[in-house]
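Structure first, then comments.
Every number here is computed from the coordinates shown, using simple stated rules; none is lab data. These figures come from a predicted structure and were not determined experimentally. Note that we place each Cβ from the backbone using ideal geometry, even for glycine, and neighbour counts take in every protein chain shown.
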Amino acid sequence: MNDGPVPAVHFATSLSPHRSLSAEGFKWLIRGAIAANLMIGLPMYLLGAWPVMGFMGLDVFLLWFLFKRNYLDARRSETLVLTDRELIVDRRAPDGEREEHRLDAYWLKVELGEENARLVLSSRGNRVVIGRFLSPDERAKVAGQLKAALAALRTPTYRHAWDG
């Protein structure tokens, strides 16, 4: 059962962190790190400085762990949907946790901080910071698109019989 007409979608986008290294590139990075460490560590081992090999293995493990953690964080996302009535911000954390914010579209204000440091959406006392993982240029682009969509939403268009 529907209470009324389905609101029109005026703007929709999905935001996610950018990762420049592919899975195949990650494998080659680890292989290169292992090869470089073997080239340094093997002569040290043969000269009697065997503890160096342990530290060489430790730095490869640390490199692997940090990149895996980075790829896990890349599963974060935010979806923005602007309808006639509201802006829906749907956040998904890497662990699957979901958070949803609904802001009144009529009162919605888009604020970019100094040097595009943060993008804040506010409406009737509610504030939501979005796109923390985006670059400043990407935040400015999203803010511009959202402001344009809000301007189009707030500018009424009338269809008359003589318009054709």
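Using the Cβ atoms and a cut-off under 9 Å, what net charge is assigned to the surroundings of residue 89, where Lys and Arg are +1 and Asp and Glu are -1? Within the 9 Å Cβ shell, the charges total -2. Applied to region 86-95, the Karplus parametrisation 6.51 cos²θ - 1.76 cosθ + 1.60 on θ = phi - 60° returns per-residue 3J(HN,Hα) values of 8, 9, 9, 10, 10, 9, 10, 7, x, 7 Hz, with x for Gly and Pro. Span-like helix check, the chain: qualifying full DSSP H segments, with Cα axial length of 18 Å or more and mean Kyte-Doolittle of 0.5 or more, are 23-46, 51-73. Determine the shape class of region 23-73: with a ≥ b ≥ c the square roots of the Cα gyration tensor eigenvalues, call it rounded for a/c under 1.5, and otherwise prolate if a/b is greater than b/c, oblate otherwise. In terms of gyration-tensor shape, oblate. With the simple model of a label 7 Å out from the Cα in the direction of the Cβ, residue 49 to residue 109 spans 6.2 nm. If the chain linking residue 145 and residue 16 were pulled fully straight, counting 0.36 nm for each residue of separation and taking away their Cα-Cα distance, it would gain 44.8 nm.
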